[in-house]
């Protein structure tokens, strides 16, 4: 406390504690002015808290500690006897601490006589504002009755278990992790062991996650299951004959995992010989398997959508930028924070076919399609490729925009509004750099002079995708003198919000750019990107794209 | 934030007075309001943006669609009273010259 800040809070062994722990860490980091690491910290805390609740099954303490430019977060549960309680350990994938390890700079486990702590450390930048005082905050959440191990005896407790389990299962969007959670929810409350099977490409069920209450038995079980011939998953709940020949004699039941009309796997649960499952437990397991199947399938869809969106997004950006003599170029593209959707922003910079031999010309473009998701991405794709083709054939800048406008309108009901700044870069025989630009409804580019003045050289003209009538686009020509810099942005920059304030308010972007006088294109791009990130506490909900051109 | 809409009629003109922010979350309300007026055969519709502090591209999209729909039926949809950020975004996108009608600007109360 003397050299830093420490805040701790205790949480009961209940599923709702995971959310409470997330909120606690988010709140603490916000109060410390560390919003930029809050997302990662909250996510990693969520992982650890989930494990404390589902695996260790004890109440836990979360401690946040700030030291200079590091944040330590430690989650301590009261189950020191178990090995590192992370899903994934011991699973066929062999991964441990998956998200935490990915997010944190470093992490580790501390064992004590009565407790086990998992900690991680995140670097954080020196701060904008210091907290108001260094008093230790304490949060005392309500403590509901602790969860019991074993099968709950009355209906209320059962419903509570199902509700908590559903909450936990719905809370993760990682397929493997969801399967791991399912196994951990079942063991030891409903069964001594649980194997979750996923269907592979040819329809065979393969063990994806195996969990045994007695870790010494886990390897034997894994081996036994490995010897079971592969086949399709069961199609109905019931006793499972899989392990019987030469097996352990365990009581074994299997439940199909079905979601959206597809069989995605099965859940197999077992108890040692003589420890029979009663019908209540089997009903509960079936109910749980039904909910888990949906959660696993949701995670699968989410993963598929995220990777598809990323691939699509990459395809909408140029693979590499051309070298332009005498011009320092930097670009930034940052998709909106939490969403897994493709955004509508794009940029491009390429050599055009308009130049004479030995006198190349280049075109640049930065645009923003109204909306997000696949429909917007379709228009983004259309615009980007049409632009490359039309400009590549040397069509003058205003004509490219007019053609593009008609192409978008021809999409009919799929048409989207598009704002676009498009320009040509050419060099004269003395190496002078000339720009010819049209801004079709796009936030105006800003010109930074070497003395720090900023002005906007381009007058606004109508955006694309609205008016059928040929819009007469007029070009603005200017010479980019050495030391002058042109900043082109999308509205994710100017409309970046912090409560009611926006970055572009009151010439905000102009003032920001002035403060970057004399810097290289790369430094200006990084500076603007940073300013956008730090402008508000909440992550940006819009894409950000930038092109910076500086004559050397 | 949020958006409140109030519709008033004077002679042949219907005015939607908007108050708040027109963004992804609220633009549907404006869309429904404008769509309803267009469907019911109104001839002159003015969207008064005097008390709107922010209008993003989804808001522009709603205004543009209404404008185009109206034009096809020989109905006028115009905006009035835009100031600050809203005026700025209309000017930047070049929509001011289409959406801000001369007569509507003169008619709108409180200008």
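Since every read-out is calculated from the coordinates, none of them should be taken as a lab result. None of the values given here were measured: they were computed from a predicted structure. Positions of Cβ are backbone-derived with ideal geometry, glycine not excepted, and every protein chain shown enters the neighbour counts.
From most to least packed by mean Cβ count within 10 Å, the peptides A:451-463, A:410-422 give A:410-422, A:451-463. Look at B:79, B:62 and count the other Cβ atoms within 10 Å of each Cβ; fewest to most, that gives B:62, B:79.
Over the range A:451-504, the fraction of Cα-Cα pairs per 10 Å bin, rounded to whole percents and listed from the shortest bin up, is 16, 34, 35, 15, 1. Taking other C-beta atoms within 10 angstrom as a stand-in for reagent exposure, A:67, A:495 fall in the order A:67, A:495, fewest first. Among A:292-303, A:427-438, the peptide with the highest mean count of other Cβ atoms within 10 Å heads the list, and the full ranking is A:292-303, A:427-438.
Peptide B:56-68 is shielded by partner chain Cβ atoms: per residue, an average of 4 of them sit within 10 Å of its Cβ. Label-to-label distance for residue A:414 and residue A:200 is 3.8 nm, based on points extended 7 Å past Cα in the beta-carbon direction. Computed from Cα atoms alone, the Kirkwood hydrodynamic radius reported for the range A:288-328 is 13.4 Å. For the range B:1-80, give me the percentage of DSSP beta bridges that are antiparallel, rounded to the nearest 5 percent. For the range B:1-80, the DSSP antiparallel bridge percentage is about 35.
Expressed in units of 2.2 N^0.38 Å, where N is the residue count, the Cα radius of gyration of the range A:381-425 is 1.11. Expressed per residue, the C-alpha convex hull volume of the range A:245-313 stands at 114 Å³. A viscosity of 0.890 mPa s and a temperature of 25 °C, combined with the Kirkwood radius over C-alpha pairs in the Stokes-Einstein formula, give the range A:409-463 a diffusion coefficient of 182 µm²/s. Between residue B:43 and residue A:429, the modelled labels are 6.6 nm apart [label points 7 Å from Cα along Cα→Cβ].
Using R0 = 22 Å, the C-beta based FRET efficiency linking residue A:406 and residue A:479 works out to 0.10.
Ranked for footprinting exposure by Cβ neighbours inside 10 Å, fewest first, B:51, A:119 give B:51, A:119.
Cβ-Cβ distance of residue A:359 and residue B:83, R₀ of 60 Å, FRET efficiency by 1/(1 + (r/R0)^6): the value works out to about 0.80. Can you compute the modelled spin-label distance between residue A:459 and residue A:393, with each label point 7 Å from Cα toward Cβ, in nm? Each label point lies 7 Å from its Cα, and together they span 3.0 nm.
With Rh defined as the Kirkwood radius, the inverse of the mean 1/r over Cα pairs, the Rg/Rh of the range A:273-420 is 1.29. Computed from the Cβ-Cβ distance with R0 of 22 Å, the FRET efficiency linking residue A:220 to residue A:286 stands at 0.25.
Peptide A:491-500 has a mean of 2 when you count, residue by residue, the C-beta atoms of other protein chains within 10 Å of its C-beta. The Rg/Rh ratio for chain B, using Cα coordinates for both the radius of gyration and the Kirkwood hydrodynamic radius, is 0.91. Neighbouring Cβ atoms from other chains, within 10 Å of the Cβ of residues in A:364-376, number 1 on average.
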